[in-house]
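See below for the structure under consideration.
Where a number appears in this text, it was derived from the coordinates with a stated rule and is not lab data. Remember, predicted model here, so these are calculated numbers, not experimental data. Cβ placement follows ideal geometry from the backbone for every residue including glycine, while neighbour counts extend to all protein chains displayed.
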């Protein structure tokens, strides 16, 4: 296996059976993703992009085909082994943040480390604070989610995603609940992490957001219809210079 290939799928299918009806969500996906890529996955509702994301994130199992993640053949693994892969290899960022409401920002970031017996309390705290510093929220560590703006909550979610140093970040519509400027700010953090060597896979239906990625893959009817290199991706930090700043009470 090419050491630069981080993810590989071969003949990946997913069929949902609803009584006598078979819904073919994925119809044989062959794809390779290299370490350090920033990829946007596009497609309309029902195109298969969310199903594919769930398979890449080990949140679901394919009907047929194979999936290799960082040299590990995920196909056929039992639930305990897959849970371990999810925790160690993948950092998730979702549209709805999924922060625990009665838990501080720091404690939310610490959650993935609670499952590691090799990380003591001191190291868990230090690693989580470093992750919050990475997204510029070290001063909000003791704040609860309802004391944070939407953009700040998403940055806490990004910190939580990177605290375990995963091999790739899987972001599902991470800007879907955010205004334009805050969306670009969040993308700027993904681009920063990518510049540091982190692989980022971004699922989005927004064309403008996809233009920040270096490779754009488009799904339709369970198949990949387009896989192109974006030779001149937009730079979020530069675009921010041309967007009006929000007042403190307007930030979302």
Problem - Ranked list, fewest to most other Cβ atoms within 10 Å of each Cβ, for 33, 201, 225, 17 - result: 17, 225, 33, 201
Exercise for the section: Determine the gain in length on full extension of the stretch residue 66-residue 180; use 0.36 nm per residue of separation and subtract their C-alpha separation, reporting nm with one decimal. Expected result: 37.3 nm
Fill in the blank from the handout: Subtracting the Cα-Cα distance of residue 24 and residue 103 from 0.36 nm times their residue separation yields 24.4 nm
Exercise for the section: Give the angle, between 0 and 90 degrees and rounded to the nearest 10, that separates the Cα long axis of helix 150-162 from the longest principal axis of the Cα atoms of the chain. Expected result: 60
Problem - Whole-number percent relative contact order across the stretch 1-102, with pairs defined as alpha carbons under 8 Å at least 6 apart - result: 29
Problem - Angle between the chain longest axis and helix 121-134 axis [Cα atoms, degrees, rounded to 10] - result: 90
Practice task
Kindly rank 52-60, 19-27 from highest to lowest mean number of other beta carbons found within 10 Å of each residue.
Solution key: 52-60, 19-27
Handout entry: Computed E for residue 45/residue 122 - FRET, C-beta separation, R0 45 angstrom, nearest 0.05
Key = 0.45
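Tell me the relative contact order for the stretch 5-242 as a rounded percent, counting alpha carbon contacts under 8 Å between residues six or more apart.
That works out to 28 percent.
From the helices alone, meaning DSSP H stretches of at least four residues, give me the mean residue ellipticity at 222 nm for the chain, per-run term -39500 (n - 2.57), in deg cm²/dmol to the nearest 500.
Calculated at 222 nm, the ellipticity per residue is -8500 deg cm²/dmol.
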Practice task
Using only alpha carbon pairs under 8 Å that are at least six residues apart, calculate the relative contact order of the stretch 97-179 and give it in whole percent.
Solution key: 40
Exercise for the section: For helix 180-195, report the angle its Cα long axis makes with the longest principal axis of the Cα atoms of the chain; keep it between 0 and 90° and round to the nearest 10°. Expected result: 70
